[in-house]
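Encoded as structure tokens, the structure appears first; notes follow it.
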Amino acid sequence: MVNLKTELCGITLKNPVIAASGCFGFGQEFSQYVNLSELGGIALKALTVEKRLGNPSPRIAETPSGILNAVGLQNPGVDYFLAEEMPKLKDLDTVLFANVAGSTIDEYCQALDKLNDAPVDFIELNISCPNVSEGGASFGMYPQAVTEIVTNCKAVCKKPMFVKLSPNTADISATAIAAQYAGADGISLINTLKGMAIDVYKQRPILANITGGLSGPAIMPVALSMVYSVAQVIDIPIIGMGGISSGEDAAAFMLAGASAVMVGTMNLVYPDATMRVIKGLKEYSDKMGIKNIADIIGQLKTK
Ligand SMILES: Cc1cc2nc3c(=O)[nH]c(=O)nc-3n(C[C@H](O)[C@H](O)[C@H](O)COP(=O)(O)O)c2cc1C
């Protein structure tokens with residue numbers, strides 16, 4: 001039987017499969033389908049310092065092999081989370097990532113400060129949302145903006161901090177390097193790819209927000225190549241995601257350099273998608289004679 005343990009910043013995960021942020025609520029929503037303590041980890045829905053209602057509907061559109069979403073950071077705010085949701089999570093035997101977002105650096109820092117004493121293991125800094133003070137581009141698009149936000153957040157954050165990169169950038173390696181040098185303890189990637197769908201009979205965009213973020217199996221080849229590129233240039237751990245639906249998919253991300261993986265959109269298709277990926281990873285390991293899954297991290301053969 002394979003040992004599925006993996007390590008991130010000195011913290012051991014019982015397996016490399018983490019539920020991705022925004023696709024698993026605050027965990028409890030999935031507890032009738034998934035034994036939450038069997039997961040490697042849970043990345044919670046993005047939290048902002050104040051409650052947000054998100055974007056107008058429609059906010060989701062199906063695409064071939066994926067979905068477009070423009071949920072827009074709907075969440076009850078950090079204080080509500082700490083009072084109402086955190087108590088339900090604290091006894092779970094899994095690793096928790098609090099995903100943090102904001103419109104300004106100050107908003108990120110306020111949220112991080114409030115989370116410093118919460119019993120979560122990691123912060124996942126979501127820098128893929130629009131930066132209002134700089135005109136709506138995301139913080140994650142340009143290396144200089146990444147440096148600024150990560151430096152400021154790291155100064156406040158007392159927990160190991162993964163920076164979640166946006167694929168909507170000219171050079172993902174440059175933003176990853178910027179995050180590492182600004183103090184990130186790890187990198188998670190990818191967030192959704194900017195996309196659009198049009199109802200040609202109504203002659204209108206399908207999403208009320210006009211554009212949205214593409215996720216699901218459609219983006220996996222893009223995500224894999226980005227994880228592979230980033231793994232060549234940084235030496236902090238990587239969590240890979242983008243379209244994972246099977247154990248083989250998870251193994252592909254690990255071979256490309258990810259120490260762990262996240263499963264997002266597939267939870268909306270199969271609520272037990274994370275369990276399927278864990279089972280599939282065991283079967284893959286047995287077929288391949290792998291004793292420790294961590295042994296395959298970054299072991300892609302390119303020659
Ligand atoms: C409906 C929806 C909501 C999401 N919300 C968040 C979020 O709050 N914070 C975040 O960092 N990523 C969010 N994401 C991005 C996912 O965590 C993940 O990075 C992306 O969807 C790619 O993985 P997947 O193809 O497995 O879904 C969201 C994705 C979807 C589909």
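Using only the Cα atoms of region 49-205, construct the convex hull and provide its projected area averaged over every direction, in square nanometres to one decimal.
If I average the Cα hull's projected area over directions, I get 10.6 nm².
Write down the Kirkwood hydrodynamic radius of region 251-303, to one decimal in angstroms, obtained as one divided by the mean of 1/r over all alpha carbon pairs.
Working: mean 1/r = 0.0837 Å⁻¹.
Answer for region 251-303: a Kirkwood hydrodynamic radius of 12.0 Å.
Given region 1-90, report the % of alpha carbon pairs whose separation exceeds 18 Å. Please list the in-between numbers first.
On the way: 2291 of 4005 pairs.
For region 1-90, the share of Cα pairs beyond 18 Å comes to 57 percent.
How long is region 201-264 along each principal axis, judged by its Cα atoms, biggest number first, in Å?
48, 25, 15
Does region 20-59 come out rounded, prolate or oblate by the C-alpha gyration tensor, with a ≥ b ≥ c the root eigenvalues, rounded set by a/c under 1.5 and, if not, prolate when a/b is larger than b/c and oblate if not?
Prolate, because a/c is 1.5 or more and a/b exceeds b/c.
If you bin the C-alpha pair distances of the chain every 20 Å from 0, what whole percents do you get?
Taking all Cα pairs of the chain, the binned fractions are 36, 59, 5 percent.
Can you give me the C-alpha center-to-center distance between region 120-155 and region 265-303, rounded to a whole angstrom?
30 Å
Relative contact order (percent) for the chain, with alpha-carbon contacts under 8 angstrom and 6 or more residues of separation?
In percent, rounded to a whole number, it is 20.
If you look at just the Cα atoms of region 122-167, how large are its Rg and its Dmax in Å?
Rg then Dmax for region 122-167, in Å: 10.3, 30.
If I take all pairs of Cα atoms in region 125-210, what percentage of them are more than 16 Å from each other?
Working: 1964 of 3655 pairs.
Percent of Cα pairs beyond 16 Å in region 125-210: 54.
With a cap of 11 neighbouring Cβ atoms within 10 Å, and only residues DSSP puts in a loop, list the chymotrypsin sites (Phe, Trp or Tyr not before Pro) found in region 190-263.
Tyr201
Using θ = phi - 60° and the Karplus relation 6.51 cos²θ - 1.76 cosθ + 1.60, list the HN-Hα couplings for region 116-129 in order, rounded to whole Hz, with x at every Gly or Pro.
Karplus-based 3J(HN,Hα) across region 116-129 equals 4, 9, 7, x, 9, 7, 9, 9, 10, 8, 8, 9, 9, 9 Hz.
Using a probe radius of 1.4 Å on heavy atoms only, what accessible surface per residue do you get for the chain? Whole Å² is fine.
Per-residue value: 44 Å².
Got a number for carbon plus sulfur as a percent of region 110-212's accessible area, 1.4 Å probe? It would help to have the intermediate numbers written out before the result.
Working: 2400 of 4650 Å².
Whole-percent figure for carbon plus sulfur exposure: 52.
Where both partners of a DSSP beta bridge lie in the chain, what percent of those bridges are antiparallel, to the nearest 5?
Close to 40 percent.
For the chain, with only Lys/Arg (+1) and Asp/Glu (-1) charged at the beta-carbon, what is the dipole magnitude about the Cα centre, in debye rounded to 20?
With only Lys, Arg, Asp and Glu charged at Cβ, the dipole is about 520 debye.
Restricting to DSSP H runs of at least four residues, report the calculated mean residue ellipticity at 222 nm for the chain, -39500 (n - 2.57) per run over all residues, nearest 500 deg cm²/dmol. Spell out each step's value before the answer.
Details: 8 runs with 82 residues, N = 303.
Calculated mean residue ellipticity at 222 nm is -8000 deg cm²/dmol.
Please state, as a whole number in µm²/s, the translational diffusion coefficient that the Stokes-Einstein equation yields for region 163-291 at 25 °C and 0.890 mPa s, with Rh defined as the Kirkwood radius across alpha carbon pairs.
156 µm²/s
The values are calculated or read from the model by the stated rules, or taken from the named source; none is laboratory data. Keep in mind that what you see is a predicted model, and the values were worked out from it rather than measured. Positions of Cβ are generated from backbone atoms using ideal geometry, with glycine treated the same way; all protein chains shown enter the neighbour counts. Remember, those area values only see protein heavy atoms, side chains included, never the ligands or the DNA or RNA. Shrake-Rupley method; radii C 1.70, N 1.55, O 1.52, S 1.80 Å.
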